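What follows is calculated from the coordinates using simple rules that are stated; it is not laboratory data. Just so we're clear, the structure is a prediction, and the values are computed from it rather than from any experiment. Cβ placement follows ideal geometry from the backbone for every residue including glycine, while neighbour counts extend to all protein chains displayed.
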Ligand SMILES: [Zn+2]
C-alpha cells in the first residue's frame, strides 16, 4: 500500500465565469505527487505540466499565482495521457493524501469531463466509497482543535520545515504536504480518514456509515428534491453510539440556517447523544446529507438548548414586527 501525496494546479476560463464550461470550471495544468510507502518513506515522485485543451489562455489569477505563461505549455502532453501514466505510477489501491478536499474534487471533474468528451476510456478509476487522507484536517486534529484549517505555508512554518521551494507549484506543494505527513503521528494518519463525496451513494444499500473513535459519520443517498430529505426516516433516525439501538429524540431536529440541523437523543442505558445533519449538494446537484453523532456532555446539551431558545426568540420578535 502506498500513500500518494497529491497537489494540482489548475486554470480557469480567462474570459470570465459566463463563458466557462460549467462541467469543467477548473482545468488541471499540473500534477505533482510524492509516493510514500506504508512507513511513510518516500519511494517515488511524479511531476508533469499539462497542456490545457479547454482554456488555452491562462486566467490572470492563474498566471500570477503559478508563475507560468502559455509558452510553458507548448509541446506538453494533455490531461488524458498524463493521467493515464499517473494512475499506473500510483500502483494498486493508492491512498490519496491532499491538503484540503479540493484537489480530489477537481481531479475527478477533469476525469469525468474527458470521459464525456471521449478522450478517456475504461472504467472509473476511483473506488467507492472513496477514502482518502486530508492532511490539512489531520494536522488540525494533531496540533489544534480539529476544526481550524490552516494554509500549507502556515503548517510548514509551525512545524519548522525548511522553506526551500516556492509555494503554489504542484510539485513543491506536494513535497511540503508529504513532509508534514511524515511529521504527523502515524496513528492519527491511520484513523482520521476522510470520505470524498464527489460521488455520493445512489441508493440505500450504498449508504456509508463509518465509526470513528468517538463519533459516527453517515453519508446518505441523494434526493432530487431538497424537501424530501428531512422526511426520510433513515436520515432523521437517531442511534446510540454504543448499543446501536434506535433512540428517542429529546430535542427534535431543528435548523438555524436551513443547511445544518441539530438534535439531542437519549439512550436509556448509554446517555445523551448529539446528532448533526449537514445538507449538501453533489456533482449532479442532488441533495444528500452528512450526519455525525457523538456523545453529548451536559454543556453540549445546554448549548443546543440555548441555540434553539435563541432561534425561538428571534422568530417571536419577527412575528411581532
Ligand atoms: Zn445505547
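Do the sum for the chain: with -39,500 (n - 2.57) for every DSSP H run of n ≥ 4, divided by all residues, what is the mean residue ellipticity at 222 nm, to the nearest 500 deg cm²/dmol?
-9500 deg cm²/dmol
Would you mind ranking 320, 148 so that the residue whose beta carbon has the fewest other beta carbons within 10 Å leads the list?
Fewest-to-most ranking of 320, 148: 320, 148.
Arranged by the count of other C-beta atoms within 10 angstrom, fewest first, what order do 289, 5 take?
On the way: 289 23, 5 30.
The fewest-first ordering by Cβ neighbours comes to 289, 5.
Once both axes come from the Cα atoms, what is the angle between helix 79-90 and the longest principal axis of the chain, in degrees from 0 to 90, rounded to 10?
Tilt relative to the chain: about 70 degrees.
Apply the a/c threshold of 1.5 to the C-alpha gyration tensor of region 118-189 and tell me whether it is rounded, prolate or oblate.
oblate
Please build a GNM for the chain, connecting alpha carbons under 10 Å apart, and tell me which residue among 22, 224, 186 fluctuates the most.
Per the Cα network of the chain with a 10 Å cutoff, 22 tops the list.
Could you work out how much longer the chain between residue 56 and residue 257 gets when fully extended? Use 0.36 nm per residue separation minus the Cα distance between them, nm to one decimal.
68.3 nm
Using only the Cα atoms of region 1-50, construct the convex hull and provide its projected area averaged over every direction, in square nanometres to one decimal.
For region 1-50, averaging the hull's shadow over all directions gives 4.3 nm².
Once you keep just the Cα pairs under 8 angstrom separated by 6 or more residues, what percentage relative contact order results for region 146-270?
11
So for the pair residue 310, residue 117, with labels modelled 7 Å out along Cα→Cβ, what separation do we get in nm?
The two pseudo-label positions are separated by 4.7 nm.
Return a whole-number percent for the relative contact order of the chain, with Cα pairs under 8 Å and 6 or more residues apart as the contact set. Mind dumping the intermediate values first?
Working: 549 pairs, mean separation 42.8, N = 321.
Contact order relative to length: 13 percent.
So how far, in whole Å, is the C-alpha centre of region 107-181 from the one of region 184-236?
So the separation of the two Cα centres works out to 20 Å.
Please report, largest first and rounded to whole Å, the three semi-axes of the ellipsoid equivalent to region 107-159, where each semi-axis is the square root of five times an eigenvalue of the C-alpha gyration tensor.
34, 13, 8
Using a 10 angstrom cutoff on alpha carbons, build the Gaussian network for the chain and name the most mobile of 88, 290, 34.
For the chain, modelled as a Gaussian network with Cα springs under 10 Å, the answer is 88.
Please report, for the Cα atoms of region 127-234, the Rg to one decimal and the Dmax as a whole number; what are they, in angstrom?
So, for region 127-234, Rg and Dmax equal 17.5, 54 Å respectively.
Order these by the 10 Å Cβ neighbour count, fewest first: 202, 151, 39.
39, 151, 202
Taking the 0 to 90 degree range and rounding to the nearest ten, how far is the long axis of helix 102-116 tilted relative to the main principal axis of the chain, both from C-alpha atoms?
Tilt relative to the chain: about 70 degrees.
What number, in nm² with one decimal, is the all-direction average of the projected area of the convex hull of the alpha-carbon atoms of region 3-191?
Over every viewing direction, the Cα hull of region 3-191 projects on average to 11.3 nm².
Decide, for region 167-301, between rounded, prolate and oblate: order the square roots of the alpha carbon gyration tensor eigenvalues as a ≥ b ≥ c, take rounded if a/c falls under 1.5, and otherwise choose prolate if a/b is larger than b/c, else oblate.
Since a/c reaches 1.5 but b/c is at least a/b, the shape of region 167-301 is classed as oblate.
Taking Cα atoms, how many degrees apart are the long axis of helix 298-320 and the longest axis of the chain, rounded to 10 and kept between 0 and 90?
80
Would you mind classifying the chain by shape? Square roots of the alpha carbon gyration tensor eigenvalues, ordered a ≥ b ≥ c; an a/c under 1.5 is rounded, otherwise it is prolate if a/b is larger than b/c and oblate if not.
Prolate.
Using a Gaussian network for the chain with springs between C-alpha atoms less than 10 Å apart, which of these wobbles most: 45, 121, 78?
Most flexible of the set in this elastic network: 121.
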